[in-house]
Amino acid sequence: MNSFNVRKLLAERVSLMASSEIRELLKITEGRKVISLAGGLPDPQTFPKDELKGIISKILQEKGDKALQYSPTKGIGELRGELINFLNSRGVTVGDEDDIIVTTGSQQALHIIALTLINPNDYVVMELPSYLGAINAFRLSAPNFIGIPLDDDGMNVSLLEVRLRRLYGEGKKVKLVYTIPIAHNPAGVTMSLDRRKYLIELADRYDFLIVEDDPYSSFTYEPSDTTSLKNLDRSNRVVYISTLSKILSPGLRIGWIVAHNELVNVFERCKQSLDLHTSTFAQYVSSEAIKTGIVKSVIEKARAIYKRKKDVMLEALEKYAVPGCWWSKPVGGLFVMLRLPREDLNTSSMLFRAIDAGVAYVPGNSFYIDGSGVNTMRLNFSFPKEDEIAEGVKILSSVIKSYLNA
Ligand SMILES: Cc1ncc(COP(=O)(O)O)c(C=O)c1O
């Protein structure tokens with residue numbers, strides 16, 4: 001067979017498509033005896049398999065013709081209605097069904113936002129660190145990223161204001177700010193209420209959109225105010241995205257966007273060309289799971305499991321502590337960030353030693369759009385079992401010690 005040069009035929013934007021480091025990692029660890037502290041998978045114990053069995057057969061019996069059919073791009077009415085009730089009960093007020101569109105996971109929401117709102121060279125603010133999947137989705141639109149560091153109170157909004165003022169002085173304008181205000185991935189922090197209010201004020205003053213990504217507000221482990229930016233927003237500038245991935249099942253691929261209805265109409269047009277609509281069947285299943293209280297009980301169960309696992313990880317980090325290392329004490333979410341003592345230490349190059357020793361993590365550098373964070377790593381505690389977390393941290397500590405002494 002004649003071969004041809006595939007690379008020569010690729011569109012230029014392919015060079016902007018970073019492959020997810022996490023997915024590459026999962027490939028390396030496949031089939032090996034490695035404790036993975038890498039992904040961000042929910043604990044399968046939280047999957048309500050028996051309850052879903054009942055729902056699925058009921059849907060097939062009673063609504064099979066509709067559930068297996070094509071359906072509207074914005075999502076089926078039943079699910080949009082249930083999502084509105086669910087969000088309202090959790091303090092995210094949604095006006096009506098015109099303000100919400102169902103997406104294929106919130107990853108598709110990020111992709112739709114990138115395609116419809118970001119032009120090449122637009123200024124887009126991301127937290128340092130930020131969610132890798134958002135960085136990769138936005139990168140496809142070739143923006144100029146601006147990184148704003150986080151501390152224990154979330155994004156440093158005062159610093160954002162300084163940067164905004166400087167840019168505006170140069171005649172430049174920020175298009176959008178992407179943030180995970182509650183239970184941040186990967187940092188594990190929640191933005192203080194004062195900063196949330198300040199950010200909304202800046203959005204009005206400097207005329208930018210806020211993309212609020214909220215997959216983890218169900219998983220906060222200490223009493224805290226989780227008022228959404230969406231609810232603080234008086235001028236409908238917040239594009240709020242969330243997902244059932246961590247509170248029901250990621251395999252169903254159900255996410256959504258709540259925004260100004262004119263934006264939702266644009267998102268609908270974009271989604272039409274991506275996949276026509278999100279799986280009708282998964283939407284019916286999800287709608288029933290919310291209506292019958294299954295999602296609420298998964299949240300309760302999962303929160304208790306993740307809180308315990310978080311404590312196991314923190315105890316192990318304390319027990320096997322490597323002098324000079326710092327790690328976060330997450331107030332929510334599924335991750336701990338760990339930093340090695342010196343900036344010249346590189347967790348990407350240490351990873352292969354770690355995998356050989358039997359533990360995997362995600363090098364932190366991929367979460368920083370400014371190329372920093374090379375001496376950091378992200379550790380997940382939701383998926384591994386409690387004894388694996390303790391063992392994984394023990395192995396990791398000895399790998400770090402030998403790396404520091406090399
Ligand atoms: C902050 C954040 N946003 C979006 C997603 C994507 O979630 P999904 O596409 O499964 O809804 C994730 C998944 O881990 C996440 O952590």
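Under the condition of being assigned to a helix (DSSP H, G or I) and within 13 Å of the ligand (Cβ to nearest atom), which residue from the stretch 276-291 is surrounded by the most Cβ atoms within 10 Å (Cβ to Cβ)?
Here is the first cut: in the stretch 276-291, the residues assigned to a helix (DSSP H, G or I) are 280-291.
Within this subset, residues satisfying the condition of being within 13 Å of the ligand (Cβ to nearest atom) are 282, 286.
Values: Ala282: 20, Ser286: 28.
Selected residue: Ser286.
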Given the criteria part of a loop (DSSP other than H, G, I, E, B) and either farther than 23 Å from Leu167 by Cβ or open to solvent by 20 Å² or more (accessible area, probe 1.4 Å) (or both), does Tyr198 qualify? no
Subset of the stretch 336-355 [free of Cβ contacts under 8 Å to residues at least 24 places away in the same chain and among the hydroxyl-bearing types (Ser, Thr, Tyr)]: Ser349
Can you tell me which of (1) open to solvent by 60 Å² or more (accessible area, probe 1.4 Å); (2) in a helix (DSSP H, G or I) is the one Phe267 doesn't meet? (1)
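Inside the stretch 131-156, can you point out the residues that are of a type in the set (Phe, Trp, Tyr) and assigned to a loop (DSSP other than H, G, I, E, B)? Talk me through it step by step, then tell me what you get.
Within the stretch 131-156, the first condition is being of a type in the set (Phe, Trp, Tyr), and the residues that meet it are 131, 138, 145.
The answer is Tyr131, and nothing else.
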Examine the stretch 3-15 for a residue that is touching a residue at least 24 places away in the same chain (Cβ under 8 Å), of a type outside the set (A, V, I, L, M), away from the ligand (no atom under 16 Å from the Cβ) and within 23 Å of His184 (Cα to Cα), and state whether such a residue exists. no
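Considering only residues that are assigned to a loop (DSSP other than H, G, I, E, B) and within 25 Å of Leu52 (Cα to Cα), look in the stretch 292-330 and name the one that is least open to solvent (accessible area, probe 1.4 Å). Talk me through it step by step, then tell me what you get.
Here is the first cut: in the stretch 292-330, the residues assigned to a loop (DSSP other than H, G, I, E, B) are 292-293, 320-325, 328-330.
Filter once more, keeping what is within 25 Å of Leu52 (Cα to Cα): 292-293.
Numbers: Thr292: 80, Gly293: 29 Å².
Within the stretch 292-330, the match that is least open to solvent (accessible area, probe 1.4 Å) is Gly293.
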Pairing a residue in the stretch 201-216 that is under 30 Å from Arg303 (Cα atoms) with any residue that is of a type in the set (Lys, Arg) and more than 16 Å from the ligand (Cβ to nearest atom), where Cβ atoms lie under 7 Å and the two sit 6 or more apart in sequence or on different chains, gives Ile210/Arg237
Does the stretch 202-259 hold any residues that are assigned to a loop (DSSP other than H, G, I, E, B), open to solvent by 40 Å² or more (accessible area, probe 1.4 Å) and not polar (S, T, N, Q), and which are they? Asp207, Glu222, Pro223, Asp225, Arg234, Arg237, Arg253
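The values are calculated or read from the model by the stated rules, or taken from the named source; none is laboratory data. All figures in this text were calculated on a predicted structure; none of them were measured in a lab. We place every Cβ from the backbone using ideal geometry, glycine too, and count neighbours over all the protein chains shown. Protein only, heavy atoms only, side chains kept; ligands, DNA and RNA dropped before computing areas. Shrake-Rupley method; radii C 1.70, N 1.55, O 1.52, S 1.80 Å.
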